[in-house]
Structure formats: C-alpha cells, structure tokens
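A.B. asks: Here it is: the structure, laid out below.
The values are calculated or read from the model by the stated rules, or taken from the named source; none is laboratory data. Since this is a predicted model, take the numbers as computed values, not measurements. So basically every Cβ, Gly included, is an ideal-geometry build from the backbone, and we count neighbours across all protein chains shown. Keep in mind that these areas ignore ligands, DNA and RNA; they rest on the heavy atoms of the full protein, side chains included. Shrake-Rupley method; radii C 1.70, N 1.55, O 1.52, S 1.80 Å.
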Amino acid sequence: MVRSLTRFRLAIAVALAILAGYIDGIAFVYLGGYFVSFMSGNTTQSGVELAGGDLAAAGFGFLVILGFVLGVMGGTIVSSPGRDRGGIILVGVAGVIAIGALLSGAPPVDPNALTGAALMGVAPTAVCLSFAMGAVNTVFSGRGEPSFGITYMTGALVKIGEGIVGAFRGGDRTSWLRYLALWLGIAVGAVGGAAVYATVGSPALWVGVIAAVVLAGILVAARPRPA
C-alpha cells in the first residue's frame, strides 16, 4: 500500500505518476481521445463505440487494453519476490516507449473522425505505450511489498476522500496526502505531456524515454548492496 512506502520510494512513485500522466497526455491527443494508462476510460469509450456500431473504434480501444494487461504481465514476470527489479522494469519501459516513438510516424487521429484506417495507423504506437504503462504499475511488485496501481487514480481519489473523513474522525491526519501527491503527479504530468506535444509533436515521447532511464538509474543506485 502507498502508506507503507518510505519517503524515498513514495517520491519514486510520484515521479512514476508524473511519467504516466505525461505519456497519457501525449497519447490522449495523438490517439484522438484514447488513453494508454487509464483503462477505465478506454473501457467506457470502447463500450460506447460498440453500442454505436463502430467496431473499428471499439476494437482499437480493446486492443489498447490488451496491451496494458500484457505490460502488467511482462513486468510481473520480470519482478522477483524479495528482490528489487524496479530498475530493470523501467529500462524495459524506456525501451518500449522508444519503440512507440519510432513507430509514431502516422498522423494524429481526429477525435471527430475515428476511422478504422486512422486508428490502425497509430495502433502500433498505442499498444507500445499502453504496454509500457502497464509495466510501470509493477515497479513496486518485488521485495515483498504490496503492489498498487501507479496509474489507478480513481482508487487514489477514493483514498483521499476516505482519508479526509478519517482525519476529521480522529484518525491519521496526513495519510491521505500521499494519495493526493500521486493524483497531482498524474495531473501535472498530463499537462506537461499535452503542452510538449503541442509544441514538438510525437517526438515529445523521447522525454518520457529519458525520464524512465533516469528513474531506473536512481532505483539501481539506491538498491541495497549485499554485504
């Protein structure tokens, strides 16, 4: 759980939330309204498209969801009980984002014209980015720590609401601030991603690659060395 994290690992979690928000902000614009880290939104979007008979748009959304699940699976396979492999996972995340950036030559999707051809043009990048964001959620799966969703902000908002009420009832007065920090991380990252994308286009993804590599280096450098 978030409240059990040390200050250092909480800072890493917030940094990962900023990274996820940054990539999601870029993807939301580039993919015409689809997400790569917020699968609840994609589920609703795909369900609406399916009800409206747009099989291409619905199928695209479910494809992105599949990529996310595969990313979680990949990160879980790499993680090891009792060992901190978050740095290795983040190196993989950086590599997959880089592949997505290299495949992002197709023009962005017009949200008012979600044609099958346009969506298939951006599908390789979408799957790469959703895979990477799924893997981000497994960075803290090792070392016997309970895992939590870095990109699951609905749950964070629930914890914020519960924590505020609990504080007024005499409980822990500050635990909800940790969840607020994660939510703010996603929000700030999304603003940054959308702003950089508006300036330079899809090359903005390379900032995410660099950030993932830097975070990987920090985790590896901070990893306890055997005696």
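A.B. asks: Rank 103, 222, 157 by how far each Cα sits towards the positive end of the charge dipole of the chain (+1 on Lys, Arg Cβ; -1 on Asp, Glu Cβ) and give me just the farthest.
C.D. replies: So the residue we want is 222.
A.B. asks: Something else now. At 222 nm, what value in deg cm²/dmol follows for the chain if DSSP H runs of at least 4 each add -39500 (n - 2.57) and the sum is divided by all its residues, to the nearest 500?
C.D. replies: My calculation for the chain gives -24000 deg cm²/dmol from helical runs alone.
A.B. asks: Another question, then. Could you derive backbone 3J(HN,Hα) for region 205-221 from the dihedral phi with the Karplus parameters 6.51, -1.76 and 1.60 (θ = phi - 60°), listing whole Hz in sequence and x where the residue is Gly or Pro?
C.D. replies: Using θ = phi - 60°, the values come out as 4, 5, 5, x, 4, 4, 4, 5, 5, 4, 5, 4, x, 5, 5, 5, 5 Hz.
A.B. asks: Also: Helix 175-200 versus the longest principal axis of the chain: what is the Cα-based angle in degrees, 0 to 90, to the nearest 10?
C.D. replies: So the helix axis and the longest Cα principal axis differ by about 30 degrees.
A.B. asks: Something else: Assigning unit charges at the beta carbon (Lys, Arg +1; Asp, Glu -1) and nothing else, what dipole magnitude in debye, to the nearest 20, does the chain show about its Cα centre?
C.D. replies: 1060
A.B. asks: Toward the positive end of the charge dipole of the chain, about the Cα centre and with charges on Cβ (Lys, Arg +1; Asp, Glu -1), which of 45, 180, 28 goes farthest?
C.D. replies: Positive-end residue among those listed: 180.
A.B. asks: Can you give me the solvent accessible area of residue 76 with a 1.4 Å probe, rounded to the nearest 10 Å²?
C.D. replies: 70
A.B. asks: Another question, if that's okay. Just the number, please: carbon plus sulfur as a percent of the accessible area of the chain, 1.4 Å probe, no ligands or DNA/RNA counted.
C.D. replies: So the carbon and sulfur contribution to the accessible surface is 71 percent.
A.B. asks: For residue 199 and residue 184, compute 0.36 nm times the residue count separating them, minus their Cα-Cα distance, and round to one decimal in nm.
C.D. replies: Difference between extended and current length: 3.1 nm.
A.B. asks: Shifting gears a bit: Going from most exposed to least, what order do 4, 46 have by accessible area with a 1.4 Å probe?
C.D. replies: The ordering from most to least exposed comes out as 4, 46.
A.B. asks: Per residue of region 100-111, in order, report the coupling 6.51 cos²θ - 1.76 cosθ + 1.60 (Karplus, θ = phi - 60°) as ³J(HN,Hα) in whole Hz, putting x for Gly and Pro.
C.D. replies: Using θ = phi - 60°, the values come out as x, 5, 5, 8, 8, x, 5, x, x, 7, 6, x Hz.
A.B. asks: I want to make sure I understand the PRE zone here: with the label point 7 angstrom from the Cα of residue 55 toward its beta carbon, which residues in region 110-127 have backbone N atoms less than 13 Å away?
C.D. replies: Within reach of a label on residue 55: 116.
A.B. asks: Given 0.36 nm per residue, what is the gain on full extension from residue 214 to residue 112 after removing their alpha carbon distance, in nm?
C.D. replies: 33.0 nm
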